[in-house]
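Chemist: If you scroll down you'll find the structure; I have some questions about it.
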Amino acid sequence: VILAGNQREVVVKAAELASRAMRKVFVKTMEKALENDDKVTHQEIATRLDQHILAPASKLKAKDYVDDEVKVRRKPWVQSGGANVIGDKATSNQDSLSSDVILCNLELTYEDASVRIGRTYFVDPTKEQTRNYKALEGAYKSFLAALVPGAVLGEVYDSAAATIKDKLPGVTMPGCLGVGSGYLLNEFSAFKLESGNTRKVEAGMVFTISFGVEGLKCTEKDETLHPALFKKGAYGLLIADTVFVGKDGAEVLTKKPASNYDESFYNINDEEDGDDDDDDDDDDDDGDDDDGDDVKMSDAQLARTMSNGRVTRSRTKTPEQLAAEHEQQQLEAKIQEAQRNLMQKKAKKVLKKLNNSSSNGEDDDDDDDDDDDTVELMNVYKKGTREYPRELIRNQIHCDKEHESVFLPIGGFHVPFHISTIKTVNKTDEEKSTLLRFTFFYPTGSTTFARDVPKSMRSVITKFPQLFYVKELTFRSRDQR
């Protein structure tokens, strides 16, 4: 059970393959089914997982693996709709995937190195489900912290069992939380994480962990949000990983997809799980989460809900979305205000020049000089990209207030546009994305200009009529913030 030579590298490689299968096959299949309301059964998803695991090079695009060296240790299983079984008897059935609490577990061997990964996902989770999973997540972190060289396996189990009993009273917990793994799993059955085992943890050991509970009760809220789950009356939770014990403690080898709550939920329904009162008595372990209020999402949670590929069909706008719209309106207002200020500055400059010309009895023959000044005024980055703001982020629009410019991503590069070149900015929200449309002032072939064309742009168009001008640019973002 203690790894030697290059055995750790092989186990790490096996763990990476398991993680890849979970991400590339199960998570994507689940998200597509949820998004399109596809009727796909648990058994169909499990079979798809099985096929991809056995052909990593062709199916998973994992070129570094030899297909013949990969074996399915145990048939992958997928469960949803409640009454979950997470122990050795766990299997997939022919029920269709339901939008509630979804569990998946897969185990494989690569070059005789055995690994495991299992995850729980939530669709429109209730507050009770959130509390339960965070309690399990906290107990799991404590369990891993106790899995250090010198620790007695039975004592590690008893400590974890006591924590779960305290945080989740009334649930059923497996009699074994894991087994010594690495090579040829069954050979190390003596190294089980179960009560009464007096063997000690040693540096270099690998364990396949199955940390979960069964028998969590549904609430009245589930009757509306999760009818299939409510019908069964109970559900289970699972976090399964492959863990290497080093000199400094436990290291999770199957890190992706992450098992933390912020990476484990989806919002589909437009109903919010809100109580009539504002009772926020959650004892959250993660300071990044808001105090039990499902409407107030953290940045990480909002990213889960809004990012590309993460399912969401919420018909209500979150406070973050409303704030983003307000910020966009403020940006548009600032652009318009800056354009007005620019026009006023130029108007004062022209008026001053006209007054000087009148007082000196001179004709106004220096329009070309004025045009040169205007063009120079719009050329705010004289030293090129060295003067660009440092906070520019690839493929993101940036407003440089100091230089009265807007940076737009074009072909992977930021291109600055002076605000006097921008005619309008329009935002359109679609079902899964947001469109931001910029229109610009450009030559129309006429010798006269519309009233809304700033004098600076008139000067540029008059001085450089032969140049190519951008008429409009439209940007699409799947992040509706």
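Chemist: Being surrounded by fewer than 15 Cβ atoms within 10 Å (Cβ to Cβ) and either modelled with pLDDT under 90 or in contact with an Asp or Glu (Cβ under 8 Å, 6 or more places away or on another chain) (or both) is the filter here; which residues of region 18-36 pass it?
Modeler: Passing the criteria: LYS32, ASN36.
Chemist: Oh, and also: Restricting to region 1-12, give me the number of residues that are surrounded by 20 or more Cβ atoms within 10 Å (Cβ to Cβ) and either free of Cβ contacts under 8 Å to residues at least 60 places away in the same chain or among the charged types (D, E, K, R) (or both).
Modeler: Going through region 1-12 one residue at a time, the tally reaches 0.
Chemist: Restricting to region 449-481, name every residue that is under 25 Å from VAL350 (Cβ atoms), open to solvent by 60 Å² or more (accessible area, probe 1.4 Å) and modelled with pLDDT under 80.
Modeler: Result: PHE449, ARG451, ASP452.
Chemist: Only residues that are under 20 Å from LYS255 (Cβ atoms) and polar (S, T, N, Q): list them for region 17-69, please.
Modeler: SER19
Chemist: Is region 433-448 home to any residue that is farther than 23 Å from ALA333 by Cα, over 37 Å from the mean Cα position of the chain (by Cα) and surrounded by 10 or more Cβ atoms within 10 Å (Cβ to Cβ)?
Modeler: yes
Chemist: Pairs only if they're at least six apart or on different chains, beta carbon under 6 angstrom, first in region 67-82 and in a strand (DSSP E or B) and modelled with pLDDT of 95 or more, second surrounded by fewer than 16 Cβ atoms within 10 Å (Cβ to Cβ) and not hydrophobic (A, V, I, L, M, F, W, C); list them, first residue then second.
Modeler: Going by the 6 Å Cβ cut-off, the qualifying pairs are TRP77/THR91.
Chemist: Among the residues of region 80-91, count how many are open to solvent by 20 Å² or more (accessible area, probe 1.4 Å) and closer than 22 Å to TYR266 by Cα.
Modeler: Number of matching residues: 1.
Chemist: Could I ask something else about it? Could you give every pair whose Cβ atoms fall below 8 Å, whose first residue belongs to region 86-99 and is part of a loop (DSSP other than H, G, I, E, B), and whose second residue is surrounded by 14 or more Cβ atoms within 10 Å (Cβ to Cβ) and basic (Lys, Arg), counting only separations of at least 6 or pairs across chains?
Modeler: THR91/LYS75; SER92/LYS75
Chemist: Checking THR109 against (1) farther than 20 Å from TYR235 by Cβ; (2) at pLDDT 95 or above: exactly one of these is not met. Which one?
Modeler: For THR109, the failing item is (2).
Chemist: Looking at the structure I just gave you, is TYR469 touching a Lys or Arg at 6+ places or on another chain (Cβ under 9 Å) and more than 29 Å from ARG390 (Cβ to Cβ)?
Modeler: no
Chemist: Look through region 96-117, keep the residues that are within 17 Å of LYS32 (Cα to Cα) and not hydrophobic (A, V, I, L, M, F, W, C), and return whichever of them is least open to solvent (accessible area, probe 1.4 Å).
Modeler: That would be ASP100.
Chemist: Give me the residue from region 404-416 that is under 24 Å from PHE441 (Cβ atoms) and surrounded by fewer than 17 Cβ atoms within 10 Å (Cβ to Cβ) and, out of that set, farthest from the chain's Cα centre (by Cα).
Modeler: VAL415
Chemist: Mind listing whichever residues of region 233-255 are closer than 24 Å to VAL148 by Cβ and out of contact with any Phe, Trp or Tyr (no Cβ under 9 Å at 6 or more places or on another chain)?
Modeler: Scanning region 233-255 gives GLY246, LYS247, ASP248, GLY249, THR254, LYS255.
Chemist: Would it be correct to say that VAL66 is open to solvent by 30 Å² or more (accessible area, probe 1.4 Å), in contact with a helix residue (DSSP H, G or I) (Cβ under 9 Å, 6 or more places away or on another chain) and closer than 29 Å to GLU44 by Cα?
Modeler: Yes: the conditions hold for VAL66.
Chemist: Yes or no: GLY118 of a type in the set (Gly, Ala, Ser) and in contact with a Leu (Cβ under 9 Å, 6 or more places away or on another chain)?
Modeler: In short, yes.
Chemist: Further, regarding this structure: For residues that are more than 15 Å from SER19 (Cα to Cα), among the β-branched types (Val, Ile, Thr) and in a helix (DSSP H, G or I), scanning just region 37-62, find the one that is most open to solvent (accessible area, probe 1.4 Å).
Modeler: Result: THR47.
Chemist: Just to be sure I understand the filter: pairs with C-beta atoms under 7 Å, separated by 6 or more residues or on different chains, first member in region 327-342 and more than 12 Å from ASN426 (Cα to Cα) and open to solvent by less than 50 Å² (accessible area, probe 1.4 Å), second member part of a helix (DSSP H, G or I) and of a type outside the set (D, E, K, R). Which pairs pass?
Modeler: Short answer, once both residue conditions are applied: ILE335/ILE419; ALA338/ILE419; GLN339/ILE419; GLN339/SER420; LEU342/SER420; LEU342/SER456.
The values are calculated or read from the model by the stated rules, or taken from the named source; none is laboratory data. In this text, all values refer to a predicted model and were calculated from it rather than measured experimentally. Heads up, the Cβs are rebuilt from the backbone with ideal geometry, glycines too, and the neighbour counts pull from every protein chain shown. All accessible areas refer to the heavy atoms of the entire protein, side chains included, with ligands and DNA or RNA removed. Shrake-Rupley method; radii C 1.70, N 1.55, O 1.52, S 1.80 Å.
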